[in-house]
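The block underneath contains the structure these notes are about, expressed in structure tokens.
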Amino acid sequence: ELVLKVRIQNPNLRENDFIEIELDRQELTYKELLRVSCCELGINPESVQKIRKLPNTMLRKDKDVARLQDFQELELVLTACDRSFLFRAPVLPEQGGYNKKASELTY
């Protein structure tokens, strides 16, 4: 097995930890790397724009994947719309501190 460290690329997160994935050395293909990475990270493979070997190398084909070594760090770069969806802060409804129903209660 080849052990790789992968994460979703997001410079806005303070902590963006890697997870370790294992690939069968007999199946070192770009498609298999994408499948396993997305499965482990819980994202749709169609939302991945590219896979980057850190610090600055884009993986493009099976030969690139075959050259990877144990514990190399990879980032999945998502398309812009998927990136904003995954990392959007929850929107809370704006409400005042006054609760009209509570003020009408009688004891």
Exercise. Given the structure, is residue 52 basic (Lys, Arg), surrounded by 14 or more Cβ atoms within 10 Å (Cβ to Cβ) and assigned to a helix (DSSP H, G or I)?
Worked result: no
For this session: Return the residue satisfying two criteria in turn: it lies in the range 22-47 and is among the β-branched types (Val, Ile, Thr) and at pLDDT 95 or above, and of such residues it is most open to solvent (accessible area, probe 1.4 Å).
Result: 29
Seminar exercise, completed: Among (1) in contact (Cβ under 8 Å) with a residue 12 or more places away in the chain; (2) touching a Lys or Arg at 6+ places or on another chain (Cβ under 7 Å); (3) of a type in the set (S, T, N, Q), residue 16 falls short only on (1)
For this session: Within the range 55-66, track down each residue that is open to solvent by 90 Å² or more (accessible area, probe 1.4 Å) and either small (Gly, Ala, Ser) or touching a Lys or Arg at 6+ places or on another chain (Cβ under 9 Å) (or both).
Result: 58, 60
For this session: Among residues belonging to the range 49-107 that are of a type in the set (Asp, Glu) and within 21 Å of residue 13 (Cβ to Cβ), point out the one that is modelled with the lowest pLDDT.
Result: 82
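The values are calculated or read from the model by the stated rules, or taken from the named source; none is laboratory data. Bear in mind the structure is a predicted one, so any value in this text is a computation, not a measurement. Backbone-built Cβ (ideal geometry, glycine too); neighbour counts: all protein chains shown. Calculation scope for accessible area: heavy atoms of the full protein, side chains included, ligands and nucleic acids excluded. Shrake-Rupley method; radii C 1.70, N 1.55, O 1.52, S 1.80 Å.
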